[in-house]
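The values are calculated or read from the model by the stated rules, or taken from the named source; none is laboratory data. Treat the numbers as computed from the prediction; the structure is a model and nothing was measured. Because the Cβ atoms are built from the backbone with ideal geometry, glycine has one as well, and the counts that use them run over all protein chains shown. Side chains included, ligands, DNA and RNA excluded: accessible areas come from the protein's heavy atoms. Shrake-Rupley method; radii C 1.70, N 1.55, O 1.52, S 1.80 Å.
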Amino acid sequence: MFGRLSRGIAPGTKSRQTVASANREPSETLYCRPHFLHQTPGEGSQAVEQRARLVLVPPRSKKLPWSTGYAEVINAGKSAFNEDQATCRPIILRKTVDNDEQWVLMCPKEDTSDQGVLATYWGLFDGHGGPVAAIQASEHLHHCIKEQLEEILDVIGGPSNVPPPLHLEGHKGKQTEANYALEKRICIENLVKGAVEKAFKNCDELIGHYQASRNQAGGCTALVVLHLQGKFYVASAGDSRAIIVQKDDILQLSNEFTAVTERQRIQYLAFLKPELLGDEFSRYEFPRRVKRNDIGKKILYRDYFMSGWGYKTAEDDDLKYPVVHGDGRQTRVMGTIAVTRGLGDHRLKVYDTDLPIKPFLSCIPEVTIFDLGQHEFGQSDVLIMATDGLWDVMSNRDVADITDRFLEDQKHDPRRYTMLARCLVHQARGTLQGNDWKLEDGSYASFDDISVFVIPLHNIGGTA
Ligand code: MG
């Protein structure tokens, strides 16, 4: 099975190296599954068997932070590898050594460097064009986030979760992050949000640097949940999704960023920088491709500022391929890529041209904040994160109904969150009937890689 490896990817397992700075050279990328699956090489070979599509879960003896449940399955043949990746780990934030005397003045007795601040991190990465970017993101994004959060640790507070006092009276030094935050009344949540956004940018540069040095390509979506000081920070760049399922209630914590949802952003950039379209694309959207015999006639179109439709007289330029074109989930940017946010893709070009697509893609996530302190949770309340392989065939309501039924029946099983993740993946994968994977109702099942985290909310940070 490993004979079908992509160029530049070596098979096998390896320990994951720490890279704390975007300026450092990343380690050689080996194809691997998430570290918490603790796979042996033999299990690794079984896991890529696409006629069997075994659903994998962590071993019984290994517990993930918060008793998180996890399950995954490989795709039905769309690529040789499972291109999804996942990370789940605690992050301990410690104050960085800073020689700036202003920091000493502002926080004289609040040194948190010994104890550290505990955060918890979950990440899902859905690769395309090869597994490299998703593996790199799963290995490095949490280090980039840690690095950014440690830079503001004095401002966001110590282990007690109480921000240190800002002693600004009589202070005449240069502007610092802390007094800037005070003057502009910027809340701590927005500093954390900014840190996560900067970390995504740094990680994207790290992946670009790595791919350029190895002549490799590919990208990935990224969905991150960070728990810090009683709040979830949910960062989404791509089309994975996080929802909270709470008795009779579903709360979607992330939005998807695709050629459909970001059409106007893409078209606006094309308006501002038409040179990015080369001589190949039109910035207008049409309900169908314009034909030569349409020239001079009224045709329906949409521009960057329009959510509705209008008429224009068709011109020669309208014969070009629209920068955003396609139906529903088949809609692509420049006929190439469906997701418009993510990491990597620095070398992605329009097929058979030298036109780069990266300028139209964004590595910056949308970050939403969920305050756990504002809610009371029971044993059946969970946060579910999954790649699009699950959401392609299941709605939020489908997932919530399965969750409610499953957890009600398995109240006393200590592995119930992992079993729920397995149940969700199993149902979305379906069963092989002839050459097709089908759902129970006979419709097509998900042929994509599927990865699911189930995070229990009733005992935050503890064991189930
Ligand atoms: Mg996918």
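State, to one decimal in nm, how far the label point of Ser61 lies from the label point of Asp409, with both points 7 Å from Cα in the Cβ direction.
So the label points at Ser61 and Asp409 sit 3.0 nm apart.
On full extension of the chain, what length is gained from Asp392 through Asp279, given 0.36 nm per residue of separation minus the C-alpha to C-alpha distance?
Working it through step by step, the gained length comes to 37.2 nm.
Using a cut-off of under 16 Å, list every residue of segment 418-453 whose amide N is near the label point 7 Å from the Cα of Ala52 along the Cα-to-beta-carbon line.
432, by backbone N distance to the label point.
In what sequence, highest mean first, do 122-131, 212-221 appear when ranked by Cβ atoms within 10 angstrom?
122-131, 212-221
Mind checking the per residue accessible area of segment 331-464 for me, 1.4 Å probe, whole number of Å²?
Per-residue value: 43 Å².
With contacts defined as alpha carbon pairs under 8 Å and 6 or more residues apart, what's the relative contact order of segment 263-338 in percent?
32
Considering only protein heavy atoms and a probe of 1.4 Å, how much of the accessible area of segment 306-464 is carbon and sulfur, as a whole percent?
Heavy-atom surface of segment 306-464 belonging to carbon and sulfur, 1.4 Å probe: 46 percent.
Between Gln433 and Tyr351, how many nm apart are label points set 7 Å from Cα along the C-beta direction?
Going by the 7 Å Cα→Cβ label model, 3.2 nm.
Suppose a student asked you for the relative contact order of segment 308-424, using Cα pairs under 8 Å spaced at least 6 residues apart; what percent would you report?
So the answer I get is 12 percent.
When ranked by the protection proxy of mean other Cβ atoms within 10 Å per residue, highest first, what sequence do the peptides 374-387, 327-340 form?
Sorting 374-387, 327-340 by mean packing, highest first, produces 374-387, 327-340.
Within segment 396-425, what residues put their amide N at less than 15 Å from the label point 7 Å along the Cα-to-Cβ vector of His458?
403-418, 420
Got the relative contact order for segment 197-320 handy, in percent, Cα pairs under 8 Å and 6 or more residues apart?
14
Give me the net charge for the shell around Gly238: Cβ to Cβ below 9 angstrom, other residues only, Lys and Arg +1, Asp and Glu -1.
Net local charge, Gly238 excluded: -3.
So how much slack lies between Asp303 and Gln330, counting 0.36 nm per residue of separation and subtracting their Cα-Cα distance, in nm?
Here the answer is 7.7 nm.
If you take every residue apart from Val339 with its C-beta less than 12 Å away from the C-beta of Val339, what net charge results, scoring Lys and Arg +1 and Asp and Glu -1?
Net charge around Val339: -3.
Excluding Glu408 itself, calculate the net charge of residues whose Cβ lies under 13 Å from the Cβ of Glu408, where each Lys or Arg counts +1 and each Asp or Glu counts -1.
Residues close to Glu408 contribute a combined charge of -2.
So what's the convex hull volume per residue for the Cα atoms of segment 266-314, in Å³?
Per-residue hull volume (Cα only) is 82 Å³.
Output the pairs from Lys63/Lys438; Lys62/Lys231; Lys146/Lys193; Lys146/Lys411; Lys63/Lys411 with a Cα-Cα distance over 24 Å in this structure; if there are none, say none.
Among Lys63/Lys438; Lys62/Lys231; Lys146/Lys193; Lys146/Lys411; Lys63/Lys411, the Cα-Cα distance tops 24 Å for Lys63/Lys438; Lys62/Lys231; Lys146/Lys411.
Alpha carbon centre of segment 44-85 versus segment 384-443: separation in Å?
Answer, in whole Å: 14.
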